[in-house]
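The values are calculated or read from the model by the stated rules, or taken from the named source; none is laboratory data. None of the values given here were measured: they were computed from a predicted structure. Heads up, the Cβs are rebuilt from the backbone with ideal geometry, glycines too, and the neighbour counts pull from every protein chain shown. These accessible areas exclude ligands, DNA and RNA; they are computed on the full protein's heavy atoms, side chains included. Shrake-Rupley method; radii C 1.70, N 1.55, O 1.52, S 1.80 Å.
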Amino acid sequence: MSKRRKTTKTAPSIEDMKGIQKMASSALLCTSPTASLQIPTLSLRTVQNKKPTTIEMPTIGLGTYKFKKGSGDASKAVQEALEVGYRHIDTAFVYGGEQTEKEIGSILCSLSSSSSPVLSSIQRSDIFLTSKQWRAYHGYEQTLDCLEKSLKRLQTDYLDLYLIHWPGPAYSTMNRKKETMANSSDGPFVYAKNGHQADEIQALRAETWRAMEDSLYEGKVRAIGVSNFTIKHLEALKKTARVWPPAVNQIELHPYMPQKALAEYCKSEGILVQCYASLGGQDHT
């Protein structure tokens, strides 16, 4: 008899995740309105009325990264996911050529009029909705603008979780050559747009976080966090943050990319590690 792998209450094992993925894939083909996933939640640290509190986040969510612009696939996937029991939808300002948020918003807005008894019973408060600020909008006013655009696209007046998508700069071109970056003392910053240079980006991220903090205080978001941040990025942000720790750090994490040091750092700071591409790589699962 093989030994059963130990897991924690807050981190399903790879075997568990594979089983859930298989179950979800099968469930998406099921038309019965009674078929649903029972997904546990985790407590996120946040602030309400400027006082520490927690909110609950489903441990598994539907990511919407790879849906193509104008395909309608995001709408279909979100509708089917909600039908089978998903209540956590993860998206971003830039996904699908900046169209995915609109597709999700259209589905959320139409739930009450759906012919499905499952979908028509879902309230906005039943859904945990995550979106992410795009790095072209680093800065205080820019981040507020980015959030307002996301809220409008999603047809909601609040997000449950709002993340800084990337710590790095916006680039002046999409045609970035690895050889040029490797040979430049500025590295990838050789392509950074004005105002996003290496000696400016830390202060710019601090302003981005300040805007997110104010959005949290105003009730436009229920929790704030980061994505793709390293220990260095987090340590720098901590120096100026009023709200600490970030609720989550969403990173690529799987057996081929365990990021143990970063995960341990986040644990020590009280930052929940939220994984994407958790079954082995975002382009290989």
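Points worth noting:
- The range 38-163 shape via C-alpha gyration tensor axes, a/c threshold 1.5: oblate
- Across the alpha-carbon set of the chain, the Rg to Rh ratio works out to 0.97, Rh being the Kirkwood radius.
- Unsatisfied cross-links (Cα-Cα over 25 Å) in the set K152/K238; K50/K238; K76/K260: K152/K238; K76/K260
- Once the 1.4 Å probe is applied to the protein heavy atoms, the chain comes out at 54 Å² accessible per residue.
- For the chain, the membrane-span-like helices by this rule, meaning whole DSSP H stretches whose C-alpha atoms cover at least 20 Å of axis and whose Kyte-Doolittle mean is -0.5 or above, are 201-217; this says nothing about an actual membrane.
- For the chain, size of Cβ-based charge dipole, Lys and Arg +1, Asp and Glu -1, in debye: 640 debye
- Cα shape, the range 168-285, gyration tensor, a/c 1.5 rule: oblate
- Each residue, R124 and K51, gets one label point 7 Å from its Cα in the Cβ direction; the gap between the two is 2.5 nm.
- Solvent-free Debye scattering, log10 I(q)/I(0), computed from the Cα coordinates of the range 77-147 at q = 0.26 Å⁻¹: -1.16
- One Cα centroid belongs to the range 128-142, the other to the range 207-285; the line between them spans 14 Å.
- Dipole magnitude for the range 163-285: computed about the Cα centre from +1 point charges on Lys and Arg Cβ and -1 point charges on Asp and Glu Cβ, it is near 60 debye.
- Spin-label model distance (nm) - E98 vs E148, 7 Å beyond Cα toward Cβ: 1.5 nm
- Packing rank of 48-59, 232-243, where each peptide gets the mean count of other beta carbons within 10 Å, highest leading: 232-243, 48-59
- For the chain, with all protein chains in place and a probe radius of 1.4 Å, 51% of the accessible heavy-atom surface sits on carbon or sulfur.
- Averaging Cα coordinates gives a centre for the range 68-101 and one for the range 171-200; these two points are 32 Å apart.
- Listed residue (L163, A277, I201) projecting farthest to the positive dipole end of the range 135-285, Cβ model: A277
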